[in-house]
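The values are calculated or read from the model by the stated rules, or taken from the named source; none is laboratory data. The structure displayed is predicted, hence computed values, not measured ones. FYI the Cβ positions are ideal-geometry reconstructions off the backbone, even for glycines, and counts take in every protein chain you see. For the accessible areas, the whole protein counts, side chains as well, though only heavy atoms, and no ligand, DNA or RNA atoms are used. Shrake-Rupley method; radii C 1.70, N 1.55, O 1.52, S 1.80 Å.
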Amino acid sequence: MDLTEGKDRFIEAWGALGSSWGVTRTMAQIHALLLVSNTPKSSDDVMEELQISRGNVNTNMRMLVDWGLAHKKLIPGERKEYFVAEKDMSKVVKSIIIARKKRELEPMLRLLDELTGIEGNDEDAKEFRSVVKDLKLYSYKADSALDALIKVDSNWFFSTFLSMIK
């Protein structure tokens, strides 16, 4: 397999994987393209290489920057904006955890806090409060575990993780 085919396969696979970690296929494909590029890419470069619209590129590029997965790169003498991917995988993983926690877990925790005040003494109300209490307990444990992962030294985490999967 040549380099071009390998990059294309990686971009497709990373795009498909993106939906598993809460982003669109296109956002993940742009991220993949930036990851495997050894030079900064402009929006025009991304449009041409991935065959997607300018609006799609601009929207997804902003999201990548917001998530901390890409950064703007100034090139002296150039008027275009260029972008590079964050290539430190520990930072990538932390950025994804932080973004997903903010988008998914924190709203659920707020909702569960509100739902603990449901009134009623019948069996349905008691069962509902019991389920909410259990969900809340495990959700807060997940939140604490994710906070610990975000704070942990990346070298220790990855060496421990790799030794666990061997």
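Assorted remarks:
- Taking every Cα-Cα distance in the chain and sorting them into 10 Å bins from zero, the calculated P(r) comes out as 9, 29, 27, 19, 11, 4, 1, 0 percent.
- The residue list Thr59, Ser130, Val46 was ranked by how far each Cα lies along the charge dipole of the stretch 32-130 toward its positive end, using unit charges on Cβ atoms, and Val46 comes out on top.
- Karplus 3J(HN,Hα) series, Hz, for the stretch 29-41 with 6.51 cos²θ - 1.76 cosθ + 1.60 (x for Gly, Pro): 5, 5, 4, 4, 4, 5, 4, 8, 9, 8, 10, x, 10
- Across the chain, Cα pairs under 8 Å and at least six residues apart give a relative contact order of 15 percent.
- Heavy-atom accessible area order for Lys73, Lys133, largest first, 1.4 Å probe: Lys133, Lys73
- Protein heavy-atom accessible surface, 1.4 Å probe, per residue over the stretch 1-146: 63 Å².
- Estimated 222 nm signal from helices in the chain, with DSSP H stretches of n ≥ 4 weighted -39500 (n - 2.57), rounded to 500: -22000 deg cm²/dmol
- Remark: spin-label model distance Leu105-Thr39 equals 4.1 nm, labels positioned 7 Å along the Cα→Cβ axis.
- A simple spin-label model places the labels of Val65 and Asp88 2.1 nm from each other, with each point 7 Å out along Cα-to-Cβ.
- The stretch 1-82 shape via C-alpha gyration tensor axes, a/c threshold 1.5: oblate
- Distance violations [Cα-Cα > 31 Å] among Lys126/Lys151; Lys87/Lys136; Lys72/Lys136; Lys73/Lys94: Lys126/Lys151; Lys87/Lys136; Lys72/Lys136
- For the chain, the carbon plus sulfur part of the accessible surface works out to 56%, probe radius 1.4 Å.
- Among Asp66, Asp44, the order of accessible area from largest down is Asp66, Asp44, computed with a 1.4 Å probe on protein heavy atoms.
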